[in-house]
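Data first, discussion second: the structure below is written as structure tokens.
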Amino acid sequence: MGEIESQQAQFKRELLKTLPSLRAFAISLTGTYDKADDLVQEAVVRAWSRQDSFEIGTNMKAWLFTILRNEFYSQMRKRGREISDAEGTYTAQLSVHPNQIGSLDMKDFMSALNKLAEDQREAIVLVCASGFSYEEAAHICGCAVGTIKSRINRARGRLQELLGINGEGDFGPDPHIAAVLRHSVSA
Amino acid sequence: MMNKPVADKKSGKRLNGGFPPADVVQDGIALRLRELYSSLENEGIPDNLLHLLEKLDEAERAQGGGASTAEQPEA
């Protein structure tokens, strides 16, 4: 390999960098670790086979998320709705990883998240957790920006309802982080 | 277990500075969601996934470079 990194090596490096977030998104979508890992594998194979169509330097993260999301919905269409477990499996599976999701609060939150409609869940996850802008999320989901915004609003309303909290002034378990976040955003 | 998003270098560079748009951040829901997501990200990449990447890499090298054509892209 010369001084210029091959396109292939760059592709792989970018892919690896995105995997943790892609996997977190897959867990959010499917609600289980097993299905999420299958889904990530499918998406990686597909992305790999299409790497010629990816332009290095463009948004690899959005590209991968789009592939994974398409894969998820095409599997759902094939298998019916069984992919999206209602309650139960999510938290049951997550309890296998006790060191990660330690707090009861987080488990409650996850099970509430899993009760949302898929379109609402993916919208709130993409924008509030994966770090995409409204525009990017709309592109990934193939819908209008306004649709993403209204899905997020509905998701938040439903989550507040499920968790029995009122959004304003409730900053969850760590007010310090909330303060840091508010500060960073306004800075 | 508490992950400060600001210091989260592990998961790579985030888009949008890693923060949701200003009008959604002021909310306990968004913060908990971020916390959950960060903890999932920080679990690392499972071995089977890393093995898959190695295998893809090897297959490609065996073919003498170029993307595998086994998988047909979907529209």
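Computed from the coordinates by the stated procedures, all read-outs in this text should not be read as laboratory data. The structure presented is a predicted model; accordingly, all values stated were derived computationally and were not measured. Virtual Cβ from ideal backbone geometry, glycine too; neighbours counted across all protein chains shown.
A simple count of charges around A:D119, restricted to other residues whose Cβ falls under 13 Å of its Cβ and scoring Lys, Arg +1 and Asp, Glu -1, yields +4. Each residue, A:V145 and A:K115, gets one label point 7 Å from its Cα in the Cβ direction; the gap between the two is 3.3 nm.
Averaged over the residues of A:38-49, the number of partner chain Cβ atoms lying within 10 Å of the residue Cβ comes to 4. Among residues other than B:E54 with Cβ under 11 Å from its Cβ, the summed charge is -1 (Lys and Arg +1, Asp and Glu -1). Electrostatic tally near A:R154: other residues with Cβ closer than 11 Å to its Cβ, Lys and Arg +1, Asp and Glu -1, net +3. When each of the peptides A:152-165, B:28-41 is scored by the mean number of other C-beta atoms lying within 10 Å of its residues, the order from highest to lowest reads B:28-41, A:152-165.
Applied to the range B:37-54, the Karplus parametrisation 6.51 cos²θ - 1.76 cosθ + 1.60 on θ = phi - 60° returns per-residue 3J(HN,Hα) values of 4, 4, 5, 5, 4, 6, 5, x, 9, x, 4, 4, 6, 5, 5, 4, 5, 4 Hz, with x for Gly and Pro.
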